[in-house]
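Worksheet: one structure, shown below.
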Amino acid sequence: DTYHAHRWMGGMWSQNKSVPILATRGCPYQCTYCSAPNMWTPRWIPRFPKLVVDEIQHYYDEFGARNFPMPTGTRSEAIDDEVAQLLKRTGMISMAYAPESGSEETRKLIKKKMKTDRMLESMRAAVAADLNVMVFMVIGFPHDTDDQIRENLDFFATIAEVGINDAAVGFYMA
């Protein structure tokens, strides 16, 4: 109740009480900057869906929670129009994408396996479903050239045209 009253839950306030849920652990990808493979090995481990639903039901019944943010390793660019609309119908209010860089070359160097056109298509679907969409970016990877860093500005302009106006930016300091 105190977290909800003071809007301290997950960076985005919901009028409904929130309780974060972990439905999975780990990540099968090998992005060079990420510590997950060292912490959990490159395994993605899902919980049994029934256990996740049971946990949600418990917080719903016991504490009146109605918002259940789920930080996951899911590749959000897999979200299409149909899935985005279904997520919205479940009461989802926000989702995040993690392109990390606006530079294709940088994404290759950090082993971020994603297709820009597919990610932008997915972002458009999420925005069209009226979800609050944000991106996670890292500026200044050790191998970045001035041109690669400048490509982030073009990328921010592109996602602004898509309808995204929320970004978390970390600066890589070697």
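The values are calculated or read from the model by the stated rules, or taken from the named source; none is laboratory data. For clarity, every value in this text was computed on a predicted model and none was experimentally measured. For accessibility, only protein heavy atoms count, side chains too; no ligands or nucleic acids. Shrake-Rupley method; radii C 1.70, N 1.55, O 1.52, S 1.80 Å.
Data overview
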read-out	value
Rounded to 5, percent antiparallel among DSSP beta bridges of the chain	15 percent
If the convex hull is drawn through the Cα atoms of the chain, its volume per residue in Å³	134 Å³
Residue-wise HN-Hα coupling along region 145-153, computed from phi with Karplus coefficients 6.51, -1.76, 1.60 (Hz; x: Gly, Pro)	8, 4, 5, 5, 5, 5, 4, 4, 5
Taking region 128-169 and dividing mean pair separation by its residue count, relative contact order in percent (alpha carbons under 8 Å, at least six apart)	67 percent
Cα-based shape type of region 33-131, given that a ≥ b ≥ c are square roots of the gyration tensor eigenvalues and the cut on a/c is 1.5	oblate
Average accessible surface area per residue within the chain, 1.4 Å rolling probe, Å²	63 Å²
Computed accessible area, Leu87, all protein chains, 1.4 angstrom probe, square angstrom	50 Å²
Largest-first ordering by accessible area, 1.4 Å probe, given options Val169, Val19, Val135	Val169, Val19, Val135
Residue-by-residue Karplus 3J(HN,Hα) for region 157-164, coefficients 6.51, -1.76, 1.60, Hz, glycine and proline x	5, 5, 6, 5, 5, 5, x, 9
Whole-Hz ³J(HN,Hα) from phi, Karplus 6.51 cos²θ - 1.76 cosθ + 1.60, for region 123-129, glycine and proline x	4, 4, 5, 5, 5, 5, 7
Amide H contacts of Glu100 (H built 1.01 Å from N, under 5 Å, at least 5 apart or other chain)	Phe136, Val138
Percent carbon-and-sulfur accessible area, region 30-149, ignoring ligands, DNA and RNA, probe 1.4 Å	57 percent
